[in-house]
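The values are calculated or read from the model by the stated rules, or taken from the named source; none is laboratory data. Everything numeric in this text was worked out from a predicted model, so none of it was measured. Please note: Cβ atoms are built from the backbone with ideal geometry, for glycine as well, and neighbour counts cover all protein chains shown. The accessibility values were calculated without ligands, DNA or RNA, using every heavy atom of the protein model including side chains. Shrake-Rupley method; radii C 1.70, N 1.55, O 1.52, S 1.80 Å.
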Amino acid sequence: MIIDGVEVLVTGGAGGDGSISLHHERYIPRGGPDGGDGGKGGDVFIMASSEVDGLARVYQRRRFTGGKGEPGSKDKKHGRDGENTVVMVPLGTSVFVLGNSDEKRLVADLTVDGQKVLVAMGGRGGLGNIHYATAAHQAPLVASSGEKGEECHIVLEFKLLTDICIIGPPNSGKSVLLSVITGAEPEIGDYPFTTQKPVLGTIASDRDEIFVAELPALISGSHNGKGLGCGFLRHAERAKLIIYLLDGSSASPVEDKAMLIEEVSLCREKLMIKPSIIVVNKIDLPQVQHRLSWLNETLGAPGVPVMFISALGGQGIPEFMRRVKEMISRDDVKEGPPSPVAIFHPRPIRRKGG
Ligand SMILES: Nc1nc2c(ncn2[C@@H]2O[C@H](COP(=O)(O)OP(=O)(O)OP(=O)(O)O)[C@@H](O)[C@H]2O)c(=O)[nH]1
Ligand SMILES: [Mg+2]
């Protein structure tokens, strides 16, 4: 099962109670109050790590709580703070908070190794009776309870960090193309839905690496759950360029293109505004050669180039690569590094039992 989204309950640890204690020592009959404060409850963080490749582990647990603060004790001893809980997620995880009517609010987009967000703060420790002594009450028998930790429902959604996404109908050659341009080794087969989940590869470039993902195939009705559905299209949301890969030898590449555009716009309309290229594959086959000029005339759209390649034979690949790199760099947006710790306070703090 591919897990790209999961709802979890996060609760900060409860603070430890303050202590009620009176100082006892020989020959000091009426020692004052010496009850220490409780420790703070542990916080819950969500942290991105390049060592984590999915949300499956989070899905198995779905409930995370910070450690409890220890109560204070005599001799003014402060209770130990509760341990923080850090939930590890893959790079590319968005963190949303669920509101009362289930609306989602984005609180962090974790895209850098080690970047983290505080989602539930632990409660403060209660005060020991040393704080309650007054001139009138020099031996108070009162202390306060530790606070409850914050609690909220959050949703984690994982979207690949990829520059280019290859989208196409079954058998159009997405896996062959990915393997040729990146050296990745996806399974290749002449049957539909060989690729069942996104596969990543990288292209070395003068600057950074370029990440390319092959997504599972789209068919007519994917938006209604046919085939493998279309939930995987979320992984194209961060892409700078979409490659629509068509099988030049199919019954109608023109209808295939229309189907892809329709499914993408029904499933994730916001992908439609991304720069894209229509690529016709398998031009090594004679029946495709015969159609080239007709396909060139019928597939084009304003601002969307049409290219012809043979992923298997290598024809058109150098020109295709040049074009891809040019389109990617044109779209490069330089962003400063995100802040390493984002803090989010879901709820006001309440006293235990209050
Ligand atoms: N003649 C020819 N065959 C190709 C070419 N590219 C891919 N094929 C063949 O087309 C079939 C499907 O290739 P894949 O790369 O697995 O196709 P896919 O789009 O990844 O398929 P799914 O993952 O099932 O959606 C395989 O038998 C490939 O050998 C090409 O350029 N020319
Ligand atoms: Mg494939």
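Key figures
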item	result
Some residue of segment 15-31 being in contact with a His (Cβ under 7 Å, 6 or more places away or on another chain) and open to solvent by less than 60 Å² (accessible area, probe 1.4 Å)	yes
Selected residue [open to solvent by 10 Å² or more (accessible area, probe 1.4 Å), part of a loop (DSSP other than H, G, I, E, B) and of a type in the set (A, V, I, L, M, F, W, C)] from Ala258, Ala217, Ala251	Ala251
Selected residue (criterion: nearest to Asp163 (Cα to Cα)) from residues of segment 190-214 that are near ligand 2 (Cβ under 9 Å from one of its atoms) and in contact with a helix residue (DSSP H, G or I) (Cβ under 8 Å, 6 or more places away or on another chain)	Glu214
Single match in Asp75, Asp81 (criterion: open to solvent by 80 Å² or more (accessible area, probe 1.4 Å) and at pLDDT below 95)	Asp75
Search result, residues across segment 156-175 that are modelled with pLDDT of 95 or more and open to solvent by less than 20 Å² (accessible area, probe 1.4 Å)	Leu156, Ile164, Cys165, Ile166, Ile167, Gly168, Pro169, Ser172, Gly173, Lys174, Ser175
Options Gly69, Gly54: the member that is part of a loop (DSSP other than H, G, I, E, B), modelled with pLDDT of 95 or more and open to solvent by less than 30 Å² (accessible area, probe 1.4 Å)	Gly69
Output for segment 264-285, where each listed residue is under 22 Å from Asn171 (Cα atoms) and among the acidic types (Asp, Glu)	Asp284
Checking Thr134 against (1) surrounded by fewer than 20 Cβ atoms within 10 Å (Cβ to Cβ); (2) of a type in the set (Val, Ile, Thr); (3) within 18 Å of the chain's Cα centre (by Cα), the condition it does not meet	(3)
Glu263 being among the charged types (D, E, K, R) and either open to solvent by 60 Å² or more (accessible area, probe 1.4 Å) or outside the structural domain of Arg234 (by TED's automatic domain parsing) (or both)	no
Flag for Ser94 being of a type outside the set (Lys, Arg), under 21 Å from the mean Cα position of the chain (by Cα) and open to solvent by less than 20 Å² (accessible area, probe 1.4 Å)	yes
Hey, Phe158 on the phi > 0 side of the Ramachandran plot and either more than 16 Å from ligand 1 (Cβ to nearest atom) or not aliphatic (A, V, I, L, M) (or both) or not	no
Within segment 141-154, considering residues that are open to solvent by 20 Å² or more (accessible area, probe 1.4 Å) and of a type in the set (A, V, I, L, M), the one farthest from Val95 (Cα to Cα)	Leu141
All positions within segment 138-185 that are of a type in the set (Gly, Ala, Ser) and away from ligand 2 (no atom under 16 Å from the Cβ)	Ala139, Ala143, Ser144, Ser145, Gly146, Gly149
Residue check for Leu266: touching a Leu at 6+ places or on another chain (Cβ under 7 Å) and part of a helix (DSSP H, G or I)	no
Any chance Ser276 is away from ligand 1 (no atom under 16 Å from the Cβ) and more than 23 Å from Arg330 (Cβ to Cβ)	no
Any hit, segment 183-201, residues being away from ligand 1 (no atom under 13 Å from the Cβ), assigned to a strand (DSSP E or B) and open to solvent by 60 Å² or more (accessible area, probe 1.4 Å)	yes
